[in-house]
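Beneath this line is the structure, given in structure tokens, with notes to follow.
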Amino acid sequence: MARRLPHKDVVIIGFGWTGSILANELTDEGLDVVAIERGPWRDTATDFPISYAQDELRYRIRHEMFLRNSQMSVTFRNNANQTALPVRTWGAFMLGNGVGGAGLHWNAEFWRFLPSDFTLKSHLTQRYGANFLPDDMTIQDWGITWNDIEPYYDQFEYLCGTSGTAGNLRGEIQDGGNPFEGARSRPYPTPAMKQGYGHTLFAEGARKLGYKPFPQPSGNLSHSYTNPLGVTLGQCTYCGFCEWFGCANYSKASPQTTILPVLMRKSNFEGRTDCEVTKINLDNTGKRATGVTFVDSSGEEFEQRADLVILCAFSLFNVQLLLLSGIGTPYDPQSGRGQIGRNFTHQTVAGGLGFFDKDKYNFNPFVSAGAIGMCIDEFNGDNFDHGPLGFVGGGYIGQVQTNGRPIETTAVPPDTPAWGSKWKQALKDNYLSTINVGAACHGSMYSYRDNYLSLDPTYKDRFGRPLVRITLDFHDNEIKMSNFLLEKYGEILQAMGAKQVVKHPRKPPYDVTAYQTSHLNGGAIMGDNPGNSALNRYLQSWDVPNLFVMGASAYPQNAGYNPTGTVGALAFWSAHAIRSQYLKNPGPLVHA
Amino acid sequence: MHEHKSLLATLVRLLLFASAVIVPSGPIMAAGIDKQDFGQIQRGRYLAVVGDCAACHTLPGSGHALAGGRPIETPFGTMFAPNITPDPTTGIGAWTDREFIDAMTKGTGRNGTHLYPAMPYTYYTKVTRDDVLAIRAYLNTLPPVYNPVKADQLPFPFNIRTSMIVWDDLFFSPGQFQPRADKSDEWNRGAYLAEGLGHCGLCHTPKNFMGTDKTSERLQGNALQGWFASNITDDRRRGIGGWSISEIVDYLKAGHGRKTLGTGLMAETIGQSTSHMTDADLKAIAVYLKDQPGQNAGNNEDRTPAVASDQPIMKRGRSVYADECSGCHAGDGKGTEHLFPALDGSAVVQQTDPTSLLHVVLRGTRSVGTDKAPTAAAMPEFGWLLNDNEVAAVLTYIRNSWGNTAPAVSAEDVRKARHAFVERSD
Amino acid sequence: MHRLTRRQLLGSSALALLLMSPVARAAVVKGGLPWKPGSADPPTAVTPGGWHYFTPQEAKTVEAFVDRLIPPDELSPGGKESGCAVFIDRQLAGPYGRLDGYYMSGPFQKGTKQQGPQSSVTPAQHYRKALAAFDSACREKFAGKAFVDLTDTQKDEAIKGLEDGSLKLAGTDAQDFFKLVLKNTQNGFLADPIYGGNKNMASWKMIGFPGAHYDYRNWIDRHNQRVKLAPVGISNHPDWTQ
């Protein structure tokens, strides 16, 4: 029997980026808020201090900051004809854990989507006709427009102090920025980061080919910055230990460096760490959440009742908890009916190696940062005419090499032996003069009828609950798109002066062991009616109106950008709707 | 009756959480405590914050404001602060106003017992009777908490309270603050606060062997409880001589100044006391402190380091600094405002006694977060990584670089500090 | 400096006690950012000497093996001298060798390559079994000689046999074993020296990686210039003792 805790106004499941944003916004309304987190408390000076944060073996190879599969995993299969098997250790994606979530160990590549990404289905249909899209593609509009979301992108950027060069300021194209971006209301809060030699050379190569390169928007800050909450971030030192690592000098935007110092001072907030929410509880109508059940580290079960439940876990686990709690109708790929689990997507990334003459080029690859880099956006979204190409979607192309860590990033030419003196010689000859970017072509993944999430019939977690099952494979459209981007990337490497270019094309079937970003999306998507989505445009559950679901699980399909900028913007957008509309009149914010 | 009381207590607690209420501390007409005098209660709340009663009388994490029980370290042993809630048996609910005034200003407890000067009555003696009564009026409104506090655990002969009679005769000069006619009202207000309720000297003035202030070295810095309370005279190198009035006010208000962040015991003082004080009172304190002469008041131009940069200890220190410190404090020692303290020109770095530096390097610390500057950045601990020679070298380096000068820190200093810190929980 | 770090605790059986203890309660974090001295969790430096997992015979084989994967030459000391065998030994004796943190619930079924490894065999078990099989395979192929007794050329021939699958190992896949040893050896050679391999930061010096410096603000603008900083490791700072 669960022990019942005193009632709260709001219970938040998951204390990462979105949990921190929602907690801070709702405590500002005077509400009593608790955030429940399955991982530990973490902070800069105690958990990733400067004296040992740069440990490639511990953090990059042994994955110390990530969720342990023994605590929670997923199962995977390429298609419904296979038996899904458990992911015994993470490979294709790395899932965060603990306070701050993935916001602690991300690279902080801080992108906005394109305006047309939010109205994708109608945009593509209008431009190319309905028959242009593959039959089994299930893309759709988000239910919001650029003008809805832009103020909240701005809010998230100013929270984080994002470094970048504006490309489109209130409709006017700016030199040096991304000319394809949607109109922004303000410049970035801090100027773009400095760029290393390899990044700069890429920009020169791209310019030679007629492109308009621009610095990647970055949550590693070019300058120290004090955000509107009064919290100060430091200046990035280009240490080259960013993604997979915590930042030791407060210069990477994270909940810890932007929100928690303010949130934790509030008397109407508390966090519970090392507690795993096992269920969202509903009343007997099934239309109202009464709170959550969770289990603490000693195994004791608690019930936390609350008026408002905000689901802020990672996308996969948002969907798992909805399915386990009986909220909404599970998706059925045969009939196409049901909303929970559909339109699951990842990211279609490809990259390669550029080997340069070691006597002429020294890139110092270790002098770098998580979101450093120069990019072009000519081939993202619908910035180019897809008519003659036979595919839709795209991505940015960039020299976004984040590090020169010796285990991960050393590369040798393809004909080198895998060991022995020749291998050593090749390692030495190429380490400083190679461009090595795994995700240089950061492509979209659109949604399909047969890519989805469901509960696994066989494999269980430590409480006996079914794991969430991923059914996912690449479709021809994505592979064509990715190969197209990779071709362009290779041309730029040649224009930079590479003596040898080695391309690593993305090939089907989808491989759960090969890292390809942790950008998992969909499964509880937003939309304009309950017939095509789990959530309304404010991320409110159509089925249970006092439940809001944050995060990339709301994406109907994935765009050609890193997702966190949009995750943060949606969280602020939803928080604003809760504060300005829901609290005044609790109930559905959109009537079906 | 009970209900009435808890309602009042709730009201007062609500006010406590409201934004700073500015109450002027002028003379009032009432001769004693008037339960209806809301203004007096408000003023008492503010004065209790100025006096930082909670620093000793509230046990952190207990959830009971001013119910006592917090261990207080003194050079003579550990004492436990009493319960000053209005509980009649374990608190001061049964005390008369006279007894309260005597305890605050004369150091005498009920029935003629003598208090130990851990209770800063040597400072509070300067507080006006009206202000003491206002504090009492406020304390009367707190929820009474039943909390018998453990007896003092002082060794002989300090466990004999009557010994304090002798101590008082020798060291205690009672008497209310007397304003100086040759100084401004602001200066006098600052002096009244700093020498009275604010009791700055309790931490910042060096003590003699009997635990009393060395008046000749007033406010020139003092080691206590694993920290060194810095020199707060106008000394340009080690004191606040290089600070403007507004920088001092900002530091006391926000916990962050141009060059330093409040840490250790001062973090608590800022968090609980000065950050809640009015700007006018903080400015008055700053004006007063800036007028306290320090040793280096005039000769601040000599920037010759005490240890030359070509000494081996400095070379080693520079290497340690480059690898472990420069990522935050920067190669030029200038840090980042509101985040990483500047070491260049820092008074904390150049104190004669390096205890605070040893503390933050060996054990790390969190700076204070306030409404105005919430970041509360933390310094990681390096005690696990750096050996005694390396700590000595890096501290000697920062104390003698960029124009800083201060005596070298020895490996023996580090060894002793390491040993002393082992038992500490802060 | 001997104290039990949080990680050591987690790696020991004390964890089980902790989890079963009725006093263990989920922490409530409130009222400001917490601070507790002594909560840093630095890595424990590997001290050479003795073997924590390998038998003496296994250790000799692994030392000989890593010294062919990374042979001593004018570029750097070899794998043995660099401590790669010590690195592998300590890794196998720790959480990695036991697959701590892996999802280990059954059923264990064979899937596609894309579904990832589905074996319940730990790296430590894998080494034990494969090293014995490797020695037998070498004796069979090289007239009764164990791997350690072969000439360098013969050793390379044996390793190539594993690499291309031509040298069969009884009860285990030769190519999988080769990949495992190669990965572990290269990890040890290139990791921070605190873990026992990469002694004196030899590999970092070889390739030009300056190690765990945290501040390159002075270098980001200096394009195409060699960074002139001596390598440092987490607890390897040659400059500090000069």
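The values are calculated or read from the model by the stated rules, or taken from the named source; none is laboratory data. Predicted, not measured: the structure shown is a model, and the values here were computed from it. Heads up, the Cβs are rebuilt from the backbone with ideal geometry, glycines too, and the neighbour counts pull from every protein chain shown.
A few remarks follow.
- Test: residue in the stretch A:329-339 that is under 19 Å from A:Q557 (Cα atoms), touching a Gly at 6+ places or on another chain (Cβ under 8 Å) and of a type in the set (S, T, N, Q): yes
- Filtered by the rule that a residue be within 7 Å of another protein chain (Cβ to nearest Cβ) and either aromatic (F, W, Y) or assigned to a loop (DSSP other than H, G, I, E, B) (or both), the stretch B:380-390 gives B:P380, B:E381, B:F382, B:W384, B:L385.
- Matching helices (runs of 4 or more DSSP H) fully within the stretch B:299-379 where at least 2 residues are in contact with a helix residue (DSSP H, G or I) (Cβ under 8 Å, 6 or more places away or on another chain) and closer than 24 Å to B:I240 by Cα: B:355-363
- Candidate set from the stretch C:170-208 (those that are within 10 Å of chain A (Cβ to nearest Cβ) and farther than 25 Å from C:G233 by Cα); member that is surrounded by the fewest Cβ atoms within 10 Å (Cβ to Cβ): C:K179
- Residues in the stretch B:266-301 that are modelled with pLDDT under 90 and not charged (D, E, K, R): 8 in all.
- Meets criteria (assigned to a strand (DSSP E or B) and not hydroxyl-bearing (S, T, Y)) for A:I397: yes
- Contacts under 8 angstrom Cβ, first residue in the stretch A:281-301 being touching a residue at least 40 places away in the same chain (Cβ under 8 Å), partner in a strand (DSSP E or B) and of a type in the set (F, W, Y), 6 or more apart: A:T293/A:F302; A:F294/A:F302; A:V295/A:F302; A:E301/A:F294
- Of residues in the stretch B:68-109 being of a type in the set (D, E, K, R) and over 19 Å from the mean Cα position of the chain (by Cα), the one surrounded by the fewest Cβ atoms within 10 Å (Cβ to Cβ): B:R98
- Qualifying residue in the stretch A:350-362 (condition: on the phi > 0 side of the Ramachandran plot and in a loop (DSSP other than H, G, I, E, B)): no
- Cross-chain or 6+ apart pairs with Cβ under 7 Å, the stretch C:226-242 first and outside any loop (DSSP other than H, G, I, E, B), then surrounded by fewer than 15 Cβ atoms within 10 Å (Cβ to Cβ): C:P238/C:A230; C:D239/C:A230
- Candidates A:G196, A:G240 - the one that is of a type outside the set (S, T, Y), crowded, with 21+ Cβ neighbours inside 10 Å, within 27 Å of B:A342 (Cβ to Cβ) and within 12 Å of chain C (Cβ to nearest Cβ): A:G240
- Which listed residue is closer than 24 Å to A:S218 by Cβ and not small (G, A, S), from A:F391, A:F356, A:F384, A:F366: A:F366
- The numbered conditions (1) within 16 Å of A:N364 (Cα to Cα); (2) assigned to a loop (DSSP other than H, G, I, E, B); (3) hydroxyl-bearing (S, T, Y) are all true for A:Y431 except (2).
- Positions within the stretch C:72-105 being farther than 30 Å from A:D429 by Cα and at the interface with another protein chain (Cβ under 9 Å from one of its Cβ atoms), in sequence order: C:P95, C:Y96, C:L99, C:D100, C:G101, C:Y102, C:Y103, C:M104, C:S105
- Screening B:T370 on (1) in contact (Cβ under 8 Å) with a residue 40 or more places away in the chain; (2) within 7 Å of chain A (Cβ to nearest Cβ); (3) within 20 Å of the chain's Cα centre (by Cα) shows it passes everything except condition (2).
- C:S235 passes every criterion in (1) closer than 27 Å to A:S251 by Cα; (2) buried (at least 16 other Cβ atoms within 10 Å of the Cβ); (3) within 8 Å of another protein chain (Cβ to nearest Cβ); (4) at pLDDT 95 or above apart from (4).
- Qualifying residue in the stretch C:39-53 (condition: under 22 Å from C:A174 (Cα atoms) and either within 14 Å of another protein chain (Cβ to nearest Cβ) or of a type outside the set (S, T, N, Q) (or both)): yes
- Of all residues in the stretch A:284-337, those being over 22 Å from A:G98 (Cβ atoms) and among the acidic types (D, E) number 3.
- B:A393 more than 9 Å from chain A (Cβ to nearest Cβ), surrounded by 23 or more Cβ atoms within 10 Å (Cβ to Cβ) and not polar (S, T, N, Q): yes
- Residue tally, condition of a type outside the set (S, T, Y), more than 14 Å from chain C (Cβ to nearest Cβ) and closer than 18 Å to A:N558 by Cα, over the stretch A:488-529: 10
- Scanning the stretch A:155-170 for residues that are free of Cβ contacts under 8 Å to residues at least 40 places away in the same chain and either under 17 Å from A:V231 (Cα atoms) or of a type outside the set (D, E, K, R) (or both) yields a total of 3.
- Of the set (1) more than 11 Å from chain A (Cβ to nearest Cβ); (2) buried (at least 17 other Cβ atoms within 10 Å of the Cβ), all apply to C:D149 but (2).
- On the stretch given as the stretch C:209-230, residues that are buried (at least 19 other Cβ atoms within 10 Å of the Cβ) and either more than 14 Å from chain B (Cβ to nearest Cβ) or in contact with a Ser or Thr (Cβ under 8 Å, 6 or more places away or on another chain) (or both) total 4.
- Criterion violated by A:A248 - all others in (1) at negative phi; (2) more than 9 Å from every other protein chain (Cβ to nearest Cβ); (3) part of a loop (DSSP other than H, G, I, E, B) satisfied: (2)
- Screening the candidates A:E204, A:E181, A:E243 for the property of being at pLDDT 95 or above, more than 28 Å from B:A373 (Cα to Cα) and in a loop (DSSP other than H, G, I, E, B) yields one hit, A:E181.
- Any chance A:Y188 is outside any strand (DSSP E or B), hydroxyl-bearing (S, T, Y) and either within 30 Å of A:G336 (Cα to Cα) or in contact with a helix residue (DSSP H, G or I) (Cβ under 9 Å, 6 or more places away or on another chain) (or both): yes
- Conditions (1) within 35 Å of the chain's Cα centre (by Cα); (2) within 14 Å of chain C (Cβ to nearest Cβ): number failed by A:P414: (2)
- Residue match in the stretch A:290-306 (condition: part of a loop (DSSP other than H, G, I, E, B), more than 11 Å from chain C (Cβ to nearest Cβ) and of a type outside the set (V, I, T)): no
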